[in-house]
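Structure record follows, encoded as structure tokens.
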Amino acid sequence: MSDSRSEQTAKHLYLVRHGEAQSHGGGVDDYDRVLTPRGIEEARQAGNWLLEQFGGTPAIFTSSAASRALQTARLAAEVCGVDGDSIANSRKIYDADFPFITDLILSSDEATDHLVLAGHNPTLYLLAQYLATNGPGDLSTGGIIHIVFDVPDWASAVVGQVQTIFTPTR
């Protein structure tokens, strides 16, 4: 962002991929897989990175309702001082319902400039490619794609720029 006007009007979208989850199989449905100890650490690292990005500024957290994504969102939110139980969540994010996800972004509360969306690949990196002119490829577990929209409101957040990609340390 090049000037103070941009800084004041920008909207920030953080696409957070869930932390490492238990393996497929073992009788556990994909939707119900939970984070491994490494995944818990990745979620906490993501939370610390998010806290550095928006500090005490209000942020909205929303998540896929799948266990591993919601667990990641709650852990990251709590690091940021946000009540993890207040996180909105939907199965439609897990199901990669792009119209739902884009509507969710475009209709976000104008009182906040920071929206955190926790979910899954390939949905998140495909969403970043759709929303940003410089969209990235893959996204590691616990990773974050930070997209900046130089607009005054979420309804106008249709084309942005990837500013940062966070990857947790292993």
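Every read-out reported here was derived from the displayed coordinates using simple, explicitly stated rules and does not represent laboratory data. The model shown is predicted, which means the values in this text are computed figures rather than measured ones. Methodologically, a virtual Cβ is constructed for each residue, glycine included, from the backbone with ideal geometry; neighbour enumeration extends over all protein chains shown.
On alpha-carbon atoms, Rg over Rh for region 27-86 using Kirkwood Rh? Let's see the in-between values first.
On the way: Rg = 11.9 Å, Rh = 11.8 Å.
In region 27-86, Rg relative to Rh is 1.01.
Most mobile of Gly142, Gly27, Gly81 per a Gaussian network model of the chain (Cα springs, under 10 Å)?
Gly27
List the pair-distance distribution P(r) of region 51-113, using every Cα-Cα distance, as the percent of pairs falling in each 5 Å bin from 0 up to the bin containing the longest distance, rounded to whole percents.
4, 18, 25, 24, 20, 9, 1
For each of Val16, Val34, count neighbouring Cβ atoms within 10 Å of the residue's Cβ, then give the residues from fewest to most.
The order, fewest Cβ neighbours first, is Val34, Val16.
Roughly how compact is the chain, stated as its Cα Rg over 2.2 N^0.38 Å to two decimals?
This ratio for the chain stands at 0.97.
Taking the Cα-to-Cβ direction at Thr9 and at Gln161 and moving 7 Å from each Cα, how far apart do the two end points lie in nm?
With each label placed 7 Å out from Cα toward Cβ, I get 1.5 nm.
Find the percent of Cα-Cα distances in region 98-159 that exceed 20 Å, and round it to a whole number.
When all Cα pairs of region 98-159 are counted, 22 percent exceed 20 Å.
Considering only the other residues whose Cβ falls under 14 Å of the Cβ of Leu126, what net charge follows from Lys and Arg at +1 and Asp and Glu at -1? Kindly include the intermediate steps, with their values, before the conclusion.
Values: positive: Arg17; negative: Asp95, Asp97, Asp138.
Overall, the nearby charge balance is -2.
Taking the alpha-carbon centroid of each part, what is the distance from region 65-104 to region 32-54 in angstrom?
Each part reduced to its Cα centre gives a spacing of 13 Å.
How large is the helix-only mean residue ellipticity at 222 nm for the chain, computed as the sum of -39500 (n - 2.57) over DSSP H runs with n ≥ 4, divided by its residue count, in deg cm²/dmol to the nearest 500?
Taking each H run of at least 4 residues, the total per residue is -10000 deg cm²/dmol.
May I ask you to evaluate 6.51 cos²θ - 1.76 cosθ + 1.60, the Karplus curve with θ = phi - 60°, for each residue of region 63-80 and list the ³J(HN,Hα) values in order in whole Hz, giving x for glycine and proline?
Rounded to whole hertz, the list is 8, 4, 7, 4, 3, 5, 6, 5, 4, 4, 4, 5, 5, 5, 4, 5, 4, 7.
Considering the zone a paramagnetic label at Leu106 would reach in this model (a point 7 Å from Cα along the Cα-to-Cβ line), which residues of region 148-167 have amide N under 19 Å from it?
148-161
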